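The values are calculated or read from the model by the stated rules, or taken from the named source; none is laboratory data. Quick caveat, the model's predicted, so the values are computed rather than measured. Neighbour counts are summed over all protein chains in view; Cβ atoms, including those assigned to glycine, are modelled from backbone coordinates with ideal geometry.
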Amino acid sequence: MEFWVRFWGVRGSIACPSPTHIEFGGNTSCIEVCVDGHRMVLDAGTGVKDLGQSFLRSKVREATILLTHTHWDHINGFPFFAPAFAPGHRFRIMAGHLSDAGGIERVLAGQMARPTFPVPLSALQADLSFEDFRAGEAVDVGDFVKVTTAPLQHPDGATGYRIEAHGKSFVYVTDTEHVPGEPDERILALIADADVVAYDSTYTDEEFPKHIGWGHSTWQEGVRLARRAGVKRLAIFHHDPYHDDAFMHRVEAEAVDTWDGAFVAREGMRIDLV
């Protein structure tokens, strides 16, 4: 019996291959979830490249890829996901925001089309299936796990995911923008009593007013929502590219001082839920 989560990319907006972004990580959004050997991948930012190498080493040949949305930082690692080029692998790729916009296959094919990328989606040799649903619907990924979703407030749409197994729950809520003083009831319902929530913490409350309309939230709002919803632990996630290691250390110290259930997600971090 197992249920664990590993962070392969915790950065937002753009990857940061910089000596000032080493400790917390510079790759963009990608999380691996394992339930009894079954793998789910949340987003395919640049972190999915290293996840792909891990799959090859461990001989993981199947997974469900659940995308929050298709802004570049959440899909631009997909063309470098090596198992997708290998025969004998099978991946379901799902998204909840494109049913009325041509579907997920069209978007992933578009990012790999010339003149912006030399290798087309059709060159991938794994068995790939592309499935669209509407955010707010439950997602069937197999009897081993329950996956529910909710729409998020983000330009072009985004989807939050709640994954439940063995009486435990992990919730992934990025990218989303809050309205100060008005807790998002859809998020509160999705995260209610969750064991761990990864939340869009791109900005601080002090930075937020300059970025209204950009589609992101703050770690302080994450804490407010988590405490209100009875969440046990909050992973501060989707770090702004301008927040270097020194800045993130200050965020971590202030967050832990504010609420001892909060921690800052780091690249490579693994959390065991059972």
Checklist entry - Does the range 48-57 include one or more residues that are closer than 29 Å to residue 178 by Cα and in contact with a Phe, Trp or Tyr (Cβ under 7 Å, 6 or more places away or on another chain)? => result yes
Checklist entry - From the residues in the range 155-183 that are closer than 16 Å to residue 216 by Cβ and of a type in the set (A, V, I, L, M, F, W, C), which one is surrounded by the fewest Cβ atoms within 10 Å (Cβ to Cβ)? => result 179
Checklist entry - Could you list, in sequence order, the residues of the range 115-172 that are in contact with a Lys or Arg (Cβ under 6 Å, 6 or more places away or on another chain) and of a type in the set (Val, Ile, Thr)? => result 148, 171
Checklist entry - For the range 138-183, which residues satisfy the criterion of being assigned to a strand (DSSP E or B), under 23 Å from residue 209 (Cβ atoms) and of a type in the set (S, T, N, Q)? => result none
Next on the checklist: Which count do you get for residues in the range 189-198 that are within 18 Å of the chain's Cα centre (by Cα) and outside any loop (DSSP other than H, G, I, E, B)?
Outcome noted: 5
Checklist entry - In the range 206-223, what residues are buried (at least 19 other Cβ atoms within 10 Å of the Cβ) and more than 20 Å from the chain's Cα centre (by Cα)? => result 208
Item to check | the range 245-274, residues that are under 17 Å from the mean Cα position of the chain (by Cα), hydrophobic (A, V, I, L, M, F, W, C) and farther than 15 Å from residue 203 by Cβ | outcome: 263, 265, 269, 271
Checklist entry - For residues in the range 42-54 being crowded, with 24+ Cβ neighbours inside 10 Å and of a type outside the set (Ser, Thr, Tyr), which is nearest to residue 196 (Cα to Cα)? => result 42
Item to check | Pick from the range 225-244, criterion of a type outside the set (A, V, I, L, M) and buried (at least 16 other Cβ atoms within 10 Å of the Cβ), ranking: farthest from the chain's Cα centre (by Cα) | outcome: 244
Next on the checklist: When you check residue 106 against the structure, is it farther than 23 Å from residue 188 by Cβ and either touching an Asp or Glu at 6+ places or on another chain (Cβ under 7 Å) or part of a loop (DSSP other than H, G, I, E, B) (or both), yes or no?
Outcome noted: no
Item to check | Residue among 262, 189 that is at pLDDT 95 or above, over 20 Å from residue 22 (Cβ atoms) and surrounded by 14 or more Cβ atoms within 10 Å (Cβ to Cβ) | outcome: 262
Checklist outcome for this item: If you go through 112, 94, the only one that is within 23 Å of residue 216 (Cα to Cα), surrounded by 16 or more Cβ atoms within 10 Å (Cβ to Cβ), out of contact with any His (no Cβ under 9 Å at 6 or more places or on another chain) and of a type in the set (A, V, I, L, M, F, W, C) is 94
